Amino acid sequence: MSSDASFDITVRGGRIATDREIRHADIGIRDGVIAAIEEHLPPGREDIAAAGRWVLPGGIDSHVHIEQLSGMGKMSADDFHSGTVSAAFGGTTTIIPFAAQHRGKRIPEVLADYAQRAREKAVIDYGFHLILADPDEEALSQHLPQAIREGITSFKVYMTYDALKLDDHQLLDVLALAGREGALVMVHAENHDMIRWIAQRLLDRGHKAPKFHAVAHDTLAETEASHRAIALARLIDVPVLLVHVAGAETVQLVRSAQKLGGKVYAESCPQYLFLTADDIDAPGMEGAKFCCSPPPRDARSQQAVWDGLKDGTLGLYSSDHAPYRFDESGKLPRGEATTFKEMANGVPGIELRMPLLFSEGVMQGRITINEFVALTATNHARMYGLAHCKGNLAVGLDADLALWNPEREVTVGTAMLHDNVGYTPYEGKRLRGWPELVMSRGRVVVKDNLLQVARGSGRYVARRSPQATLPAAGTAPASRLPALLGLRGKAWPTL
Ligand code: URP
Ligand code: ZN
Ligand code: ZN
């Protein structure tokens with residue numbers, strides 16, 4: 001695109017970072033799309049001064065629970081308005097929340113319901129994953145292929161929670177379907193019976209406090225289920241993505257599986273970098289504010305997650321924003337008498353996800369600015385079929401970006417956040433670096449600490465097939481089962 005064309009907006013003089021490079025340049029935006037990136041572009045109808053700022057791709061948060069009924073039957077505190085506003089204030093311009101099928105519900109209706117609610121409220125762009133609780137014949141043969149055609153190219157499955165849990169046979173069915181149709185299976189990997197068994201014994205002994213959530217969700221429950229999920233995927237040679245990796249052993253498992261040639265991908269979240277089980281061990285019910293599944297673990301696991309994000313073992317950094325209020329609607333259904341089994345699982349993080357990693361990762365020298373971009377935006381776009389329009393700064397992509405002031409110091413407080421949760425696990429944390437202007441498809445969404453766009457102005461994005469990012473060859477022989485079983489489809493293109 002020639003640089004003498006006129007632009008709607010020119011973002012001038014910023015330091016641009018993509019997942020691969022850093023350069024000083026202007027960005028010319030026309031019709032919501034990046035039309036030019038060059039050193040000296042002519043003025044746009046509007047000029048945005050970016051000197052002294054990092055200009056980064058808008059974040060993609062590919063794991064958020066918004067206006068969603070959880071596995072425990074709790075409605076999240078954020079709707080598609082508060083959730084997307086909160087995301088935008090933290091530098092995120094695209095989210096992929098879940099449309100949750102609960103047993104007995106038909107997938108087309110579930111998807112239509114979520115689409116309708118998001119359309120009316122979202123202020124930034126969004127896709128959907130489908131939470132799949134009932135992979136019956138009709139779902140596998142009709143509804144999932146149809147959902148994939150409509151741009152829902154990833155499904156989350158659970159190995160725990162009574163209402164959602166799939167058995168190994170069902171997991172194989174879903175993995176095989178995804179392999180055939182070019183979709184990705186995201187797995188919540190925790191061993192259901194280990195957790196149930198420990199929890200029952202804890203409760204029998206009168207151990208009800210929030211801190212026992214971390215005891216019941218032992219790290220071995222995560223390790224065992226993660227290993228099983230990886231084995232099931234490798235058995236039929238299809239990609240799998242482990243979400244919210246918390247434990248050091250899981251990071252190691254993923255790394256080993258990748259070296260063996262498994263198409264194994266993994267995500268982690270702020271709570272596993274910045275919280276530990278000690279936070280759950282707070283006086284009274286306070287610890288409930290830090291309870292999510294899997295729970296934050298210890299300093300060793302925190303370090304393993306940092307290492308995994310740095311070396312690429314964990315390619316995605318998402319919030320797993322699972323917002324529940326600290327009252328009877330969420331964390332405390334029976335007030336002070338609530339046991340750790342009854343409180344809603346999940347922590348908020350959609351707004352602070354990027355500022356936390358920017359401050360503690362980039363500004364502290366743990367990761368580079370390019371790694372920050374990859375972990376918060378580009379890898380999500382590739383993994384979830386959005387790279388044709390989002391996740392980077394390049395001509396032809398949507399003008400989704402944020403201007404980050406690296407010197408701005410912020411002390412985190414609940415009052416400054418835009419979600420509907422009423423607390424933050426990161427209260428009082430001092431951060432350096434903040435996204436001061438956020439743009440989605442060339443629309444300034446956040447500026448001067450104010451929301452600039454209307455409710456419902458975000459758009460649904462139909463996602464394409466995920467793009468594998470790991471080398472195919474590994475040290476283990478490839479599975480012969482796909483050939484023997486006559487499996488055919490996108491995961492097995494040579495058959
Ligand atoms: O505790 C969490 N993470 N709750 C949200 C639901 C889920 O499993 O991701
Ligand atoms: Zn989960
Ligand atoms: Zn989640």
- prompt: Where in region 264-371 are there helices (runs of 4 or more DSSP H), lying fully within it, with 3 or more residues that are under 28 Å from M194 (Cβ atoms) and in contact with a strand residue (DSSP E or B) (Cβ under 9 Å, 6 or more places away or on another chain)?
  reply: 299-311
Flag for E427 being in a strand (DSSP E or B), touching a residue at least 12 places away in the same chain (Cβ under 8 Å) and surrounded by fewer than 17 Cβ atoms within 10 Å (Cβ to Cβ): no
- prompt: Has region 255-278 got any residue that is more than 16 Å from ligand 3 (Cβ to nearest atom), open to solvent by 10 Å² or more (accessible area, probe 1.4 Å) and under 16 Å from N191 (Cβ atoms)?
  reply: no
field: Residue satisfying condition, being within 16 Å of ligand 3 (Cβ to nearest atom) and surrounded by fewer than 22 Cβ atoms within 10 Å (Cβ to Cβ), within set G52, G44, G71, G32
entry: G71
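Looking at V238, V174, V264 in this structure, which one is within 16 Å of ligand 2 (Cβ to nearest atom), among the β-branched types (V, I, T) and under 29 Å from L485 (Cβ atoms)?
After applying the criteria, what remains is V174.
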- prompt: Which of (1) modelled with pLDDT under 95; (2) outside any loop (DSSP other than H, G, I, E, B) is the odd one out, the single condition H102 does not satisfy?
  reply: (2)
- prompt: Being modelled with pLDDT of 95 or more, of a type outside the set (G, A, S), under 20 Å from D419 (Cα atoms) and touching an Asp or Glu at 6+ places or on another chain (Cβ under 9 Å), is that true of even one residue in region 356-375?
  reply: no
query: How do the helices (runs of 4 or more DSSP H) wholly within region 136-240 filter down when requiring 3 or more residues that are farther than 23 Å from A288 by Cα, of a type outside the set (A, V, I, L, M) and within 16 Å of ligand 3 (Cβ to nearest atom): which remain?
result: none
- prompt: Only one residue in L241, L273, L164 is within 16 Å of ligand 1 (Cβ to nearest atom) and under 25 Å from R488 (Cα atoms). Which one?
  reply: L241
field: Any pair with Cβ under 8 angstrom, 6 or more apart, that starts in region 221-243 at a residue that is open to solvent by less than 20 Å² (accessible area, probe 1.4 Å) and acidic (D, E) and ends at one that is within 16 Å of ligand 2 (Cβ to nearest atom) and in a helix (DSSP H, G or I)
entry: E222/T250
query: Of the residues that sit in region 315-332 and are among the small types (G, A, S) and open to solvent by 10 Å² or more (accessible area, probe 1.4 Å), which one is nearest to ligand 2 (Cβ to nearest atom)?
result: G315
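The values are calculated or read from the model by the stated rules, or taken from the named source; none is laboratory data. As the structure is a computational prediction, the values presented were derived from the model and not from experiment. All Cβ positions, glycine included, derive from the backbone under ideal geometry; neighbour counts span all protein chains shown. What goes into the accessible areas is simple: the full protein's heavy atoms, side chains included, and nothing from ligands, DNA or RNA. Shrake-Rupley method; radii C 1.70, N 1.55, O 1.52, S 1.80 Å.
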